[in-house]
1. Under 6 Å between Cβ atoms, at least 6 apart or on separate chains: pull out the pairs that start in segment 80-109 with a residue that is among the β-branched types (Val, Ile, Thr) and end on any residue that is modelled with pLDDT of 95 or more.
2. Test of understanding: among 29, 37, which residue is away from the ligand (no atom under 12 Å from the Cβ), outside any helix (DSSP H, G or I) and surrounded by 13 or more Cβ atoms within 10 Å (Cβ to Cβ)?
3. Can you name every residue in segment 136-154 that is exposed (fewer than 15 other Cβ atoms within 10 Å of the Cβ), on the phi < 0 side of the Ramachandran plot and charged (D, E, K, R)?
4. Can you tell me which residue among 61, 44, 17 is within 12 Å of the ligand (Cβ to nearest atom), assigned to a helix (DSSP H, G or I), out of contact with any Pro (no Cβ under 8 Å at 6 or more places or on another chain) and within 25 Å of residue 126 (Cα to Cα)?
5. Every residue in segment 69-95 that is surrounded by fewer than 18 Cβ atoms within 10 Å (Cβ to Cβ) and within 30 Å of residue 123 (Cα to Cα), please.
6. Residues that are surrounded by fewer than 13 Cβ atoms within 10 Å (Cβ to Cβ) and in contact with a helix residue (DSSP H, G or I) (Cβ under 7 Å, 6 or more places away or on another chain): does segment 2-10 have at least one?
7. Picking from 130, 137, which residue would you name as being within 12 Å of the ligand (Cβ to nearest atom) and in contact (Cβ under 8 Å) with a residue 12 or more places away in the chain?
8. When you look at residue 57, is it surrounded by fewer than 18 Cβ atoms within 10 Å (Cβ to Cβ), without any contact (Cβ under 8 Å) to a residue 60 or more places away in the chain, β-branched (Val, Ile, Thr) and closer than 21 Å to residue 141 by Cα, yes or no?
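The values are calculated or read from the model by the stated rules, or taken from the named source; none is laboratory data. This is a predicted model, so every value here is computed, not measured. Heads up, the Cβs are rebuilt from the backbone with ideal geometry, glycines too, and the neighbour counts pull from every protein chain shown.
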Amino acid sequence: MYELALTVHSVLRLALLLLLAWIFFMGLRGLFSGAPRPLSGVLLQRVAVICADLQLTIGLLLYFVWSPQTASAMQNMGAAMKDKELRFWAVEHGTLMLLSIIFVHVGKILAKRAGSDRSFHVRTALWFGLALAGILLGAPGTPWSEHGRSFLRL
Ligand code: HEM
């Protein structure tokens with residue numbers, strides 16, 4: 001189950017990255033072109049929220065049930081904080097990812113409530129851009145991550 005959860009978590013990460021990048025660039029394009037808010041943009045934001053919530057569920061299950069990394073950290077949190085690898089899995093990854101997921105939710109709600117098309121695009125670019133940056137910084141498997149892992153586990 002652990003391996004399967006890691007695989008689904010990894011594939012969902014790629015899906016979320018692509019979705020968030022797409023939504024972010026749609027926001028920027030809309031902002032600079034002055035185009036009306038597209039229906040596809042609203043739908044994509046809904047799909048991103050669903051993917052983010054799924055990712056949160058699997059992340060929490062990994063964290064509290066399946067991961068040997070977090071199990072080991074929870075045995076002695078004090079010692080885990082001094083271990084770069086354990087600290088990453090026990091604190092840094094979950095916190096940054098949780099923030100990104102919150103940004104996705106806030107972005108979708110604020111964009112939906114936007115009073116003008118321009119405000120829709122600004123809110124979309126801002127909040128989904130922040131969510132994208134959080135994942136690029138806090139998920140392993142990127143060239144700049146010091147925590148190994150392949151970019152896509154299959
Ligand atoms: C947008 C949200 C998230 C993304 C993009 C993400 C991404 C990833 C990636 C790429 C991995 C490595 C998978 C692999 O080994 O191939 C991973 C592992 C993991 N993630 Fe997340 N994650 C997210 C949210 C969360 C959350 C909210 C938590 C917990 C609070 C969490 C906890 C974990 C744990 C415990 C592991 C496995 C550590 C191990 O045993 O090796 N993740 N995550």
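1. 101/52; 101/56; 104/48; 104/49; 104/52; 104/131; 106/127
2. 37
3. 146
4. 17
5. Across segment 69-95, the qualifying residues are 91, 92, 95.
6. Checked segment 2-10: at least one residue is surrounded by fewer than 13 Cβ atoms within 10 Å (Cβ to Cβ) and in contact with a helix residue (DSSP H, G or I) (Cβ under 7 Å, 6 or more places away or on another chain).
7. Details: 130 fails: within 12 Å of the ligand (Cβ to nearest atom).
The match here is 137.
8. Criteria met by residue 57.
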